[in-house]
1. Between the stretch 167-226 and the stretch 307-365, how many Å separate their Cα centres?
2. Extension gain Ile244-Asp216, at 0.36 nm per residue separation less the Cα-Cα distance, in nm?
3. Tell me the net charge near Glu72. Cut-off is 15 Å between Cβ atoms, Glu72 excluded, with +1 for each Lys or Arg and -1 for each Asp or Glu.
4. Starting from the Cα gyration tensor of the stretch 54-112, multiply each eigenvalue by 5, take the square root, and state the resulting semi-axes largest first in whole Å.
5. Assuming a viscosity of 0.890 mPa s and a temperature of 25 °C, what translational diffusion coefficient in µm² per second does Stokes-Einstein assign to the stretch 257-384, Rh being the Kirkwood radius over Cα pairs?
6. Binning at 10 Å from 0, report for the stretch 229-304 what percent of all alpha-carbon pair distances ends up in each bin.
7. Could the peptides 105-117, 226-238, 269-281 be put in order, highest first, of the mean number of other beta-carbon atoms found within 10 Å of their residues?
Amino acid sequence: MNNRMSITNNAHWLLVLVASICLLPGAYAAEIIRVDASESQSQSVLGSTVIPYKEVTLAAQVPGVVKQVAGEVGAIFKQGDVIVQIDETTLQARRNSVLAQISTAQAVLQNSQAQYTRELVSPRSKDVGALPGFGLPAMFDMLAVRPFADSMMGGYDSDMGRYSDLMSSATVVSQAQSSLQQAMSQLQEIDSTVRDAKSIAPFEGMVLERLVEEGDTVQPGQALIKFGFVKFKRLQADVPSGLIRYLDEDMVVPVRIDGHVETMAKVAQIYPIADPSRHTVIVKFDLPVDITASPGMYAEVYLPERNKDKPKVAVIPRTALLSGRSLPSVLLVNDSNVSELRLIRLGSDQSNGMVEVISGISVGERIIDNPPPSASSGWMPTAK
């Protein structure tokens, strides 16, 4: 009984083994193919940084003590909002002093205009109201002596005297107007300085870096904060000058942000000059609006290398790679129609499941496609 069961089990295992051997070539559909040639699709990977669409540095325009800083790093402000306020007490005191000067200049101008009008209507040279004797000596002088002097002596001209008095009054009016204008100009200058004591957001954006604190003493030109428009973002990369010829504005290239966010970016700006020490050119790329990224993040830009003089590279299907190996390898069929194991070095992936081979095999050589996992040197597919 036991012998029969043993014979039956052995028969079952034998049938399974035979079926496996018969089905092995068909399951893997192994075949011998030749290594094709294709243009390389290798890419250069460059590091870049996420930057705001535009960025400005707000600096102090007047000396003084920082009175207020409206927000921390990351705070959002609308266009026209005050971000940093410098103490303006001294400026307000100067402004009040100039306002007093303006009031004085206006009073002087009004008085000079009144004196000029009086001289025009009632000349001082003909004023007899302040003379004694009811003005009789003055009237005699005006009616008899002066006409006689004008006609006979030739040494006196009453009209010239009146003209001189009018010009003197007009000069006083002009000087008063100049004093008022000078005071008004000083007021405009102080008002402009008062406005400069406030750092105002030039556009809607976010505080990128805060460089001062409340109570700090600042001087003109000292940086206060960095402010950027972050609704749209860009990448900035230093591209080697040898790769610039492969780039054009509005060209779209793949990028990877922070190691996991993959998207496409458009070439927005290519600087016309290169860094003389590093021999690189600054290139800016526009990112899609819906991409989540913060200024300062690291990103990788993949630039194509289109070199017409570069020879074609060998390409093979990924199905020709032996599975379960620590290093990429294929079965190469030699001139004796015997397979041998060959280690290869892979390059960039191409379309339709093809991959570039940098070294290990050459174009035109024969390899085995779809080899079984257990295949090794000497294994050959069954002839169909």
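What follows draws every value from the coordinates through simple rules; no lab data is involved. Computed from a predicted model, the values in this text were never measured in an experiment. So basically every Cβ, Gly included, is an ideal-geometry build from the backbone, and we count neighbours across all protein chains shown.
1. 73 Å
2. Values: separation 28, 0.36 × 28 = 10.08 nm, distance 4.53 nm.
Here the answer is 5.6 nm.
3. Here the count lands on -2.
4. 38, 13, 10
5. D, rounded to a whole number, is 131 µm²/s.
6. Reading upward from the zero bin: 18, 53, 26, 2.
7. Output ranking for 105-117, 226-238, 269-281: 226-238, 105-117, 269-281.
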